[in-house]
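A short worksheet on the structure shown next.
The values are calculated or read from the model by the stated rules, or taken from the named source; none is laboratory data. The structure displayed is predicted, hence computed values, not measured ones. Cβ: placed from backbone, ideal geometry, glycine included. Neighbour counts: every protein chain shown.
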Amino acid sequence: MPEKVVVIGAGPCGLAQLQAFARAKEKGADIPEVVCYEKQDEWGGLWNYNWRVGLDAYGEANHGSMYRYLWSNGPKECLEFADYGFEEHFGKPIPSFPPRAVLADYILGRAKQSGVRKWIKFATVVRDVSFDKSTKKFSVVTETLGDHIRHEETCDYVVVASGHFSVPNIPSFEGIETFSGRVMHAHDFREAREFTGRHVLIVGGSYSAEDIGLQIMKYGAASVTTCFRTQAMGFKWPKNMDERELLTRINQKTVHFKDGSKKDFDAIILCTGYQHHFPFLRDDLKLRTHNRLYPPKLYKGVAWRDCPQLFYLGMQDQFYTFSMFDLQAWYARDVILGRIQIPDAKTMDADIAEWVAREEKLADPEQQIDFQADYLRDIIPQVDYPKFDVDSTVDSFKRWEHDKVDNILEYRNKAFPSSLTGTMAPVHHTPWWKEMDDSLECFLKN
Ligand SMILES: Cc1cc2nc3c(=O)[nH]c(=O)nc-3n(C[C@H](O)[C@H](O)[C@H](O)COP(=O)(O)OP(=O)(O)OC[C@H]3O[C@@H](n4cnc5c(N)ncnc54)[C@H](O)[C@@H]3O)c2cc1C
Ligand SMILES: NC(=O)c1ccc[n+]([C@@H]2O[C@H](COP(=O)([O-])OP(=O)(O)OC[C@H]3O[C@@H](n4cnc5c(N)ncnc54)[C@H](OP(=O)(O)O)[C@@H]3O)[C@@H](O)[C@H]2O)c1
């Protein structure tokens, strides 16, 4: 039995890891000492809403990328924990697209119930992780924020659950330094009403571009133009919102686009994604990837190929979130407990290569959904995570994709069945486009 496991981060992935150990213990298993370091004062990761931008209260890079009025962008039935359903948490069925506070309440509800908080050391940042090949132990250096006291310890396993949507990718564009309005990245976006009456340019063609663009329209922007590098989102946008090819240059208020058009703006929001960034890991342990469905060098999407005592959770681009994080955490736990054997490097390489080759051929969102569902199906038989209906989540995801194409303003008004109980969700009392109150109290008033 290994002596000690260090988990880095107490967001949904770190909490999933703690949950996996708690469940094993409940069933009578011997588990090693588990310690989770979290640099923020509270748990929940991105779901621990943070009004700050730039630096946090300790002078560390602010982790939060979530904004006010954020609602789930996928059906909750596709992310439900299989060991703790929404109905169990809220005591009744709730609609399919909850706002941020409701999802946070659910994630933390499970963690409170299983009593894992005692394993977390808050306001403690992991500064350095190295691996000694001769002793087969990690050395982990942490620093308690506030008093800046450093501490070094050794452990047998490390689980990296530090997220990958917190360090912004910030490209530059010709003339951007002459722009006379505000330029910001989505990471620093908090309050849509800042843009009421403004003409806003959004750069990017993915979820943040779509959601932040729509949200600021909802809260009264004069106009929103999104512009894409590779592929248009192609939705039927509301009045005063349009989509163009990428900008080419900026001259004060005026932005020029690849299609030859130009327009004046008051603000630019760069929704240009995030970097996988692990400054606390030595080079031989560091995952280097862009945001993709199967980052190479992770066996079963989790175990670091060059040192399988190191695990990464949630590093994939995500259709599935919480249930996938759980499966990954259960898998890592079972390797640690000696229930799953990691094969030799050649076998790992062949398995990784097969997944990566398949990922590179994916042509559309439906195929991407099938791919990530198959990844889940690969893990499921290897662990004792409670059963849930994966086929039903695939159907829901595909319906959701079509709903978005049909009407981007109305997809959040649809209802989906639970993959645990089959119960159909009720419909929220107010259509999302008209619902300005994103509080938990208002949402649960159904
Ligand atoms: C704007 C936005 C909206 C989203 N909306 C949804 C949604 O509606 N539904 C959904 O399912 N998913 C959504 N996601 C996806 C989101 O990635 C996951 O829901 C989830 O938060 C990922 O969990 P995580 O634990 O991997 O990372 P995070 O939630 O980022 O948590 C990582 C934790 O690690 C800590 N940490 C980092 N570095 C260190 C260190 N060196 N030492 C100690 N602690 C450290 C951080 O403080 C943080 O608490 C959204 C993401 C973004 C950016
Ligand atoms: N309400 C919600 O629930 C909500 C809201 C927002 C975000 N999210 C979540 O947040 C996560 C991150 O989403 P994201 O949209 O921020 O990141 P993302 O999905 O990684 O997309 C990044 C986008 O930036 C573009 N980009 C990168 N570099 C660029 C450049 N130099 N010039 C122009 N465009 C560039 C990319 O274009 P290319 O395609 O050309 O690379 C892509 O469109 C997702 O998991 C999403 O689900 C959820």
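Go through region 139-170 residue by residue and tally those that are closer than 30 Å to LEU270 by Cα and not in a strand (DSSP E or B). First the steps, then the outcome.
Within region 139-170, the subset closer than 30 Å to LEU270 by Cα is 160-170.
Narrowing further to those that are not in a strand (DSSP E or B): 161-167, 169-170.
Looking only at that region, the number is 9.
Identify the single condition in (1) of a type outside the set (Asp, Glu); (2) within 14 Å of ligand 1 (Cβ to nearest atom); (3) part of a loop (DSSP other than H, G, I, E, B) that GLY260 does not satisfy, given that it satisfies every other one.
(2)
ALA29 - would you say it is among the small types (Gly, Ala, Ser), surrounded by fewer than 18 Cβ atoms within 10 Å (Cβ to Cβ) and within 10 Å of ligand 1 (Cβ to nearest atom)? I'd like the intermediate steps shown before the answer.
Numbers: among the small types (Gly, Ala, Ser): yes; surrounded by fewer than 18 Cβ atoms within 10 Å (Cβ to Cβ): yes; within 10 Å of ligand 1 (Cβ to nearest atom): no.
Here the answer is no, as ALA29 does not meet what is asked.
Of ARG190, ARG182, which residue is in contact (Cβ under 8 Å) with a residue 40 or more places away in the chain, out of contact with any Phe, Trp or Tyr (no Cβ under 7 Å at 6 or more places or on another chain) and more than 21 Å from PHE311 (Cα to Cα)?
Values: ARG190 fails: out of contact with any Phe, Trp or Tyr (no Cβ under 7 Å at 6 or more places or on another chain).
Sole residue among the options that is in contact (Cβ under 8 Å) with a residue 40 or more places away in the chain, out of contact with any Phe, Trp or Tyr (no Cβ under 7 Å at 6 or more places or on another chain) and more than 21 Å from PHE311 (Cα to Cα): ARG182.
Can you tell me which residue within region 128-170, out of those that are farther than 26 Å from TYR58 by Cβ and surrounded by 13 or more Cβ atoms within 10 Å (Cβ to Cβ), is farthest from ligand 2 (Cβ to nearest atom)?
Per the criteria, the residue is LYS137.
Failed condition for GLN231, given (1) surrounded by 17 or more Cβ atoms within 10 Å (Cβ to Cβ); (2) closer than 30 Å to VAL356 by Cα, with all others met?
Just one mismatch for GLN231, condition (1).
Counting only residues that are polar (S, T, N, Q) and away from ligand 2 (no atom under 16 Å from the Cβ), which one in region 4-50 is farthest from ARG127 (Cα to Cα)? If you could, list the steps in order and put the result at the bottom.
Within region 4-50, the subset polar (S, T, N, Q) is 17, 19, 40, 48, 50.
Restricting the remaining residues to those that are away from ligand 2 (no atom under 16 Å from the Cβ) gives 17, 19, 40.
On the way: GLN17: 20, GLN19: 24, GLN40: 14 Å.
The selected residue is GLN19.
So which residues in region 36-75 are near ligand 1 (Cβ under 9 Å from one of its atoms), assigned to a loop (DSSP other than H, G, I, E, B) and within 30 Å of LYS404 (Cα to Cα), if there are any at all?
Selection gives GLY44, ASN48, HIS63, GLY64, SER65, MET66, TYR67, LEU70, SER72, ASN73, GLY74.
Would you mind finding the one in ALA16, ALA10, ALA29 that is assigned to a loop (DSSP other than H, G, I, E, B) and within 15 Å of the chain's Cα centre (by Cα)? Quick ask: steps written out before the conclusion?
Working: ALA16 fails: assigned to a loop (DSSP other than H, G, I, E, B); ALA29 fails: within 15 Å of the chain's Cα centre (by Cα).
Unique residue meeting the criteria: ALA10.
Residues GLY54, GLY28, GLY59: which one is in contact (Cβ under 8 Å) with a residue 24 or more places away in the chain and small (Gly, Ala, Ser)?
Criteria check complete, one pass: GLY54.
If I filter region 247-255 for residues that are assigned to a loop (DSSP other than H, G, I, E, B) and of a type in the set (A, V, I, L, M), do I get at least one hit? So that I can check it myself, show each step before the final result.
Filtering region 247-255 down to residues assigned to a loop (DSSP other than H, G, I, E, B) leaves 252-253.
Filter once more, keeping what is of a type in the set (A, V, I, L, M): none.
Within region 247-255, none of the residues are assigned to a loop (DSSP other than H, G, I, E, B) and of a type in the set (A, V, I, L, M).
TYR49 versus (1) buried (at least 18 other Cβ atoms within 10 Å of the Cβ); (2) under 16 Å from the mean Cα position of the chain (by Cα): which is the lone unmet condition?
Condition (1) is where TYR49 drops out.
Which of the residues spanning region 196-215 are within 20 Å of LYS262 (Cα to Cα) and more than 12 Å from ligand 2 (Cβ to nearest atom)?
Once the filter is applied, which keeps residues that are within 20 Å of LYS262 (Cα to Cα) and more than 12 Å from ligand 2 (Cβ to nearest atom), region 196-215 yields GLY197, ARG198, HIS199, VAL200.
Any chance region 201-209 includes a residue that's surrounded by fewer than 19 Cβ atoms within 10 Å (Cβ to Cβ) and within 26 Å of LYS236 (Cβ to Cβ)?
Initially, region 201-209 is screened for residues surrounded by fewer than 19 Cβ atoms within 10 Å (Cβ to Cβ), giving 206-207.
From what's left, within 26 Å of LYS236 (Cβ to Cβ): 206-207.
So far as region 201-209 goes, yes, one or more of its residues are surrounded by fewer than 19 Cβ atoms within 10 Å (Cβ to Cβ) and within 26 Å of LYS236 (Cβ to Cβ).
Scanning region 427-444 for residues that are surrounded by 13 or more Cβ atoms within 10 Å (Cβ to Cβ) and assigned to a loop (DSSP other than H, G, I, E, B), which turns out nearest to the chain's Cα centre (by Cα)?
Residues of region 427-444 surrounded by 13 or more Cβ atoms within 10 Å (Cβ to Cβ): 427-428, 430, 432-433, 435, 438, 440, 442-444.
Now restrict to residues that are assigned to a loop (DSSP other than H, G, I, E, B): 427-428, 430, 432-433, 435, 438, 444.
Working: VAL427: 25, HIS428: 24, THR430: 27, TRP432: 22, TRP433: 24, GLU435: 24, ASP438: 20, LEU444: 24 Å.
Among those that are surrounded by 13 or more Cβ atoms within 10 Å (Cβ to Cβ) and assigned to a loop (DSSP other than H, G, I, E, B), it is ASP438.
Consider PRO95 against the criteria (1) within 16 Å of ligand 2 (Cβ to nearest atom); (2) modelled with pLDDT under 95; (3) over 17 Å from the mean Cα position of the chain (by Cα): it satisfies all of them except one. Which criterion is unmet?
The number of the failed condition is (2).
Within region 295-316, identify whether any single residue is under 19 Å from the mean Cα position of the chain (by Cα), part of a loop (DSSP other than H, G, I, E, B), away from ligand 1 (no atom under 14 Å from the Cβ) and surrounded by 21 or more Cβ atoms within 10 Å (Cβ to Cβ), and answer yes or no.
yes
Going by the structure shown, is LYS92 out of contact with any Cys (no Cβ under 8 Å at 6 or more places or on another chain), over 29 Å from TRP433 (Cβ atoms) and basic (Lys, Arg)? Before the answer, list the steps.
Details: out of contact with any Cys (no Cβ under 8 Å at 6 or more places or on another chain): yes; over 29 Å from TRP433 (Cβ atoms): no; basic (Lys, Arg): yes.
No: the conditions fail for LYS92.
Select from region 171-196 the residues that are in a loop (DSSP other than H, G, I, E, B) and within 15 Å of ligand 1 (Cβ to nearest atom) and write down the one among them that is surrounded by the fewest Cβ atoms within 10 Å (Cβ to Cβ).
Looking at residues that are in a loop (DSSP other than H, G, I, E, B) and within 15 Å of ligand 1 (Cβ to nearest atom), I get GLU191.
One line per residue, one yes/no per condition, for (1) away from ligand 1 (no atom under 14 Å from the Cβ); (2) in contact with a helix residue (DSSP H, G or I) (Cβ under 8 Å, 6 or more places away or on another chain); (3) not aromatic (Phe, Trp, Tyr):
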residue	(1), (2), (3)
LYS112	yes, no, yes
GLY115	yes, yes, yes
VAL125	no, no, yes
ASP128	no, no, yes
THR135	yes, no, yes
GLU143	no, no, yes
